Amino acid sequence: MTSADLDEKPYLELTDAAVRKILETEDFGELLRWMQAPGRLTAAFPLPEPELEKPLAAVLARLVWNATPLPGNRYRPRPLSKPQRNDPCFCGSGRKYKQCCALLPPLIDLDPEEIWAFAVNHLSPEQLEQAHAEHAIPPALLHTLAAHYMEDGRYGKVVELLEPLFGTGSLKRLDERHELALNILCDAYDACGWRDEKLRLLNQLTEQAPKPLRAAAWERLATIQADAGDMQGAWQAFRQAQRAAPDSPTLSVLEVTLLTTEGRLHEASERARFWRHRLERDPEIAPEFLAFLDGLADDPQSMLDEIEAVRSEPLRRLLQCLERVQSSPPAVSYGLESWEEDPEETAAFGEDALQEDLFGPPHAEVATSSQVLVASDDLEALEERWHECFPMEKPFSTHPFPLSDDDPWEEEVVDEWLAFLTEHSEAFDSVDILDDLVVAIDAFYQEGGGSVGQRISRILIERGITILDALEQARPGLQLHWGILENRPILRLLARYALLLQDQGETDAARLRMEQLLRLNPDDNHGIRCLLTRCYLEQGDDQAMLDLYRRYNDDCHVDLPLGAALAHYRRGEMAEAVEALYRGHQLNAHVIRMLTARRPKKPKIDSMGIHLGGQDQAWLYRELMLDCWQAVPGALDWLKQHRPRGQ
């Protein structure tokens with residue numbers, strides 16, 4: 001049996017059915033009887049000599065059995081011993097082996113990894129998890145288990161499972177079989193809100209992975225750039241993908257999509273026809289895909305709009321609701337009340353804050369000067385009705401997404417809350433509802449709903465920021481502390497806005513919004529001060545960096561003292577630089593070694609937060625700030641000189 005035989009559809013179907021039978025019974029006798037059933041083999045392979053059917057069926061049964069992982073054997077094969085010449089033949093003919101199946105032409109043994117490709121489709125999610133615990137699943141097939149985790153909303157488990165596949169030392173062993181794993185891992189990063197991790201992975205693959213996977217990474221980057229409106233960057237990524245894998249069928253759709261996005265419809269049609277004629281000679285291309293290219297050639301805009309409409313129909317309806325109110329500024333239906341301390345609430349708050357707020361200073365407390373955002377009676381009643389039809393919980397603390405998997409975009413749910421928004425346009429004046437909608441788009445739509453979802457998110461966020469700016473203008477010195485639950489929706493919108501502006505390259509505007517967030521919530525539960533550190537250093541504003549460090553001089557994060565050390569170093573204030581560096585080392589004994597190492601090993605990153613003083617914190621600091629240190633001549637050498645002994 002040659003590798004060419006494995007490409008034959010009848011053989012693949014017979015092998016798949018045999019593997020399913022083995023996993024059901026784990027009994028070779030049952031498999032043999034099933035395989036030797038009249039017509040079973042000849043349906044897949046017409047035989048010139050009918051008397052060969054039972055012997056060949058027995059040989060094939062033996063080959064598949066010997067390569068199939070058995071749940072009862074820790075998901076490893078239990079191969080049969082080779083029959084001796086004078087043993088009764090295993091096919092059941094009654095003759096000796098030497099007089100029966102030994103006379104058949106020798107067949108090539110099956111590779112257990114090839115059989116695993118069938119087995120993963122017949123094992124339950126629980127069995128796959130057990131097989132992974134036994135280190136039995138071939139790495140190239142881990143995407144199957146990851147897909148089950150994705151369906152269950154266990155995004156952190158997906159990252160934990162697949163991220164090691166793409167470690168620096170493993171990249172050269174990857175091939176096109178890992179593309180599914182890459183796509184699932186990127187989707188999991190999106191679901192966790194880890195955009196930077198996704199981009200780092202893709203960029204790493206474009207530099208170090210073999211060509212098939214390098215092309216897949218470039219294609220994904222092209223889509224990301226196009227969604228962000230950077231068509232020049234999208235085309236550059238497309239050309240790189242084309243160089244890496246010029247015959248990849250997915251390039252056809254990507255090229256037509258980019259041309260259509262730019263309004264170059266005639267070129268899009270011509271390129272679709274070109275790809276259609278080029279790919280029709282490939283026997284592995286499905287007829288459905290060729291028919292799709294025919295549709296693109298006839299009318300690329302309508303074809304792509306139809307796909308987008310199916311994917312983003314609820315978003316389109318949400319945008320229609322929003323467009324009806326977009327021309328008028330939001331009504332500010334909020335008041336501000338001073339926060340009054342209640343011993344029971346204070347105790348509850350203290351326990352809640354210390355357990356869930358991951359970035360606030362240690363022992364943070366609600367300042368007595370804080371205000372509470374209070375909705376008008378009418379707006380509060382409207383919000384209560386909204387939560388009756390909108391099932392999603394608020395995110396846990398400062399995490400970007402809710403921990404529950406209640407999906408507000410499910411067909412039976414989305415119609416109800418969209419009808420509510422259609423009837424009550426004043427709902428778009430509620431920061432609570434605006435917050436829910438932004439979280440729902442980011443949490444439950446892949447890539448944030450594409451360009452449509454990103455557009456809607458920005459409109460919703462900026463509507464909430466308009467309300468916030470009006471409140472702050474009316475109340476100079478306003479403080480809205482995170483520990484007060486009523487304040488969280490508007491603060492979460494502001495934090496998202498600052499990050500959105502930063503991602504879009506609007507650095508000056510992002511800085512102003514980060515500073516506004518620190519002004520409103522000095523405890524800075526979102527850790528914005530760490531991002532401001534980078535912003536100040538990138539802009540060369542050493543004084544702002546040092547002022548921020550003094551403001552949070554007892555901070556538990558290493559970013560500020562190291563940022564101050566770099567600022568002092570740039571100003572030639574060496575004694576102060578060493579003092580700040582020593583403070584950083586006190587907070588995290590790993591960070592200087594991690595920052596100066598050429599290729600440090602990445603530690604495990606917990607999706608629920610970082611370990612202060614741990615290697616994960618040091619790694620994340622390196623990922624965020626290494627280029628800032630590299631940009632200052634001599635700074636890393638100075639760090640090495642002051643690295644503590646033993647590091």
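Each reported figure results from applying straightforward, stated rules to the coordinates on display, with no laboratory input. All of these numbers come straight from a predicted model, not from anything done at the bench. In this analysis, Cβ positions are derived from the backbone assuming ideal geometry, glycine residues included, and neighbour counts consider all displayed protein chains.
What the table below lists for this structure:
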item	result
Mean projected area (nm²) of the alpha-carbon convex hull when the stretch 156-306 is viewed from all directions	9.3
Binned Cα-Cα distances of the stretch 16-123, short to long, each 5 Å bin given as a whole percent	2, 12, 23, 24, 20, 13, 5, 1, 0
About the Cα centre, charge dipole magnitude for the chain (Lys/Arg +1, Asp/Glu -1 at Cβ), debye	4320
Rounded to the nearest 20 debye, dipole of the stretch 3-117 from Cβ charges on Lys, Arg, Asp, Glu	600
Debye intensity ratio I(q)/I(0), log10, the chain, q values 0.06, 0.12 Å⁻¹ (C-alpha model)	-0.46, -1.35
Kirkwood-type radius of the stretch 213-276, with distances r between different C-alpha atoms, in Å	11.5
Degrees separating the helix 542-551 axis from the principal Cα axis of the chain, which is the longest one	80
Flagged links, alpha-carbon separation over 26 Å, of Lys198/Lys640; Lys394/Lys601; Lys198/Lys601	Lys198/Lys640; Lys394/Lys601
Computed [θ] at 222 nm, deg cm²/dmol, the chain (DSSP H ≥ 4; -39,500 (n - 2.57); rounded to nearest 500)	-19000 deg cm²/dmol
Compactness of the stretch 527-647 - radius of gyration and Dmax, Cα, Å	13.2, 39
Length-normalised contact order for the stretch 428-532 - Cα pairs under 8 Å, 6+ apart - percent	24
Among Phe396, Ala510, Leu63 - extreme Cα towards positive end, dipole of the chain, charges at beta-carbon	Leu63
Sites Glu49 and His266, calculated FRET efficiency, Cβ-Cβ separation with R0 51 Å, nearest 0.05	0.25
Backbone HN-Hα couplings from phi across the stretch 120-133 [Karplus 6.51/-1.76/1.60, Hz, Gly and Pro as x]	4, 7, 10, 8, 6, x, 5, 5, 4, 5, 5, 5, 5, 4
Net +/- balance of residues flanking Asp508 in space, Cβ distance below 13 Å, scoring K and R +1, D and E -1	-2
Rounded tilt (10° steps) of 179-192 against the dominant C-alpha axis of the chain	30
Value of relative contact order over the chain, rounded to a whole percent, pairs C-alpha under 8 Å and six or more apart	7
Gain in span if fully extended, Arg455 to Leu103, counting 0.36 nm per residue against the direct Cα distance	119.7 nm
Folded to 0 to 90 degrees: helix 231-244 orientation relative to the chain principal axis, Cα	30
Gain upon complete extension [Asp547, Glu388; 0.36 nm per residue less C-alpha separation]	52.6 nm
Calculated FRET efficiency for the pair Ala631/Thr466, C-beta based, R₀ 45 Å, to 0.05	0.80
Under Karplus coefficients 6.51, -1.76 and 1.60, residue-wise ³J(HN,Hα) of the stretch 462-475 in Hz, glycine/proline x	5, 5, x, 5, 4, 5, 5, 4, 5, 5, 5, 5, 6, 10
Descending Cα extents along the principal axes, the stretch 449-500, whole Å	37, 22, 16
Over the stretch 62-127: Rg over Rh, Cα atoms, Kirkwood Rh	1.09
Over 26 Å (Cα to Cα) - which of Lys211/Lys602; Lys21/Lys157; Lys21/Lys82; Lys54/Lys96 fall in this group	Lys21/Lys157
Theoretical gain in end-to-end length, Arg643 to Ala419 [0.36 nm per residue, Cα-Cα removed]	74.5 nm
